[in-house]
Amino acid sequence: MQKTLVMTLMGKDHTGLVESLARLIADHGGNWLESRMCRLGGEFAGILRVSAPEDRLQTLVNSLQGLDSEGLTVIIRRDEAFSLEGLTKTATLSLVGQDRPGIIYQISAALAHQNINVEELETECSSAPMSGEMIFRAVARLQIPETCAMAELRKELEEIGSELMVDISFMGL
C-alpha cells in the first residue's frame, strides 16, 4: 500500500540539489507527485508531496532527514486528507499595485473573515518599467464556502483596494 508524505525543504541553492532529492526518493521506491520549488535570494525553498510503499516509508523519511548533513533542512509530515466539505467554489484572486507593507495581511484577513481557504498564493515585487517604483503582484487560488456573502466580500476588498491603491480582481466566480 502506498502512503504519502508532504515536506518542506530549505537550504543553500546549488546545482544538482533537485536531482539528488529525486534520486533519493526513487531509490526508496517513491514517486514524486507534486511540488512547488524556487530560489528566493540565495536560498532554495520548496514544498513537495511524494508517495512510497508503506514498508519503505520509514527508511525514506530517515534518508530525507539525513539531508540535513548536506545543508538542506527538511520537515516531513504524513499526508492527511483535507476535507473540502462546504467549500464548493474555486476562484482566483489577482492583485497588483504599488508595494507597501500590510497588503497580504489585509487581504487575508478579509478572506478569513468569510471562511475562505487560500489554497495557493504566489507573490512578487518587481520594478515598474517607466518609474522604477516597486510593483507588488499576488495571485491566490481560493476555496469559497457556500456560506460566503460574496457581495460583502467584494465590498470589503474594494475598500481595501481603494485604501491601499491596488487593483483586485476575481476570476472563476
Pick from the range 4-62, criterion farther than 17 Å from Leu121 by Cα and of a type in the set (Ser, Thr, Tyr), ranking: surrounded by the fewest Cβ atoms within 10 Å (Cβ to Cβ): Thr15
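Residue under question is Asp99, and the condition is that it be among the acidic types (Asp, Glu), in the same structural domain as Ile25 (by TED's automatic domain parsing) and more than 16 Å from the chain's Cα centre (by Cα); does it hold? Full working, then the answer.
Values: among the acidic types (Asp, Glu): yes; in the same structural domain as Ile25 (by TED's automatic domain parsing): no; more than 16 Å from the chain's Cα centre (by Cα): yes.
In short, no.
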Can you tell me which residue within the range 114-168, out of those that are of a type in the set (Asp, Glu) and in a strand (DSSP E or B), is nearest to the chain's Cα centre (by Cα)? Glu120
Only residues that are in contact (Cβ under 8 Å) with a residue 24 or more places away in the chain and either within 18 Å of Glu54 (Cα to Cα) or in contact with a Pro (Cβ under 8 Å, 6 or more places away or on another chain) (or both): list them for the range 16-26, please. Leu24, Ile25
Hey, any hits in the range 74-86 for a residue that's hydroxyl-bearing (Ser, Thr, Tyr) and either surrounded by 11 or more Cβ atoms within 10 Å (Cβ to Cβ) or in a helix (DSSP H, G or I) (or both)? no
Just one of Ser51, Ser94 is farther than 30 Å from Thr147 by Cβ, in contact with a Ser or Thr (Cβ under 6 Å, 6 or more places away or on another chain) and not in a helix (DSSP H, G or I); which is it? Ser51
Top-ranked residue of the range 143-163 - restricted to ones that are under 17 Å from Val96 (Cβ atoms) and in contact with a Leu (Cβ under 9 Å, 6 or more places away or on another chain), ranked as surrounded by the most Cβ atoms within 10 Å (Cβ to Cβ): Leu157
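Residue check: is Ile116 at pLDDT 90 or above, closer than 13 Å to Thr92 by Cα and among the hydrophobic types (A, V, I, L, M, F, W, C)? It would help to see each step written out before you state the result.
Numbers: at pLDDT 90 or above: yes; closer than 13 Å to Thr92 by Cα: yes; among the hydrophobic types (A, V, I, L, M, F, W, C): yes.
In short, yes.
Taking Lys89 as the residue in question, decide whether it is outside any helix (DSSP H, G or I) and of a type outside the set (Ser, Thr, Tyr). Spell out the reasoning first.
Details: outside any helix (DSSP H, G or I): yes; of a type outside the set (Ser, Thr, Tyr): yes.
In short, yes.
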Filter result for the condition that a residue is closer than 27 Å to Met37 by Cβ, hydrophobic (A, V, I, L, M, F, W, C) and not assigned by TED's automatic domain parsing to the domain that holds Arg36, over Leu164, Leu153, Leu142, Leu72: Leu142
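Restricting to the range 102-147, count the residues that are more than 24 Å from Ile47 (Cβ to Cβ), free of Cβ contacts under 8 Å to residues at least 40 places away in the same chain and in contact with a strand residue (DSSP E or B) (Cβ under 8 Å, 6 or more places away or on another chain). Walk me through it before giving the result.
Within the range 102-147, the subset more than 24 Å from Ile47 (Cβ to Cβ) is 102, 106, 110, 113-114, 127-135, 145-147.
Filter once more, keeping what is free of Cβ contacts under 8 Å to residues at least 40 places away in the same chain: 114, 127-135.
Now drop any that are not in contact with a strand residue (DSSP E or B) (Cβ under 8 Å, 6 or more places away or on another chain), which leaves 114, 127-128, 133-135.
Count: 6.
The values are calculated or read from the model by the stated rules, or taken from the named source; none is laboratory data. Worth saying up front: this structure is predicted, and the values here are computed from it rather than measured. All Cβ positions, glycine included, derive from the backbone under ideal geometry; neighbour counts span all protein chains shown.
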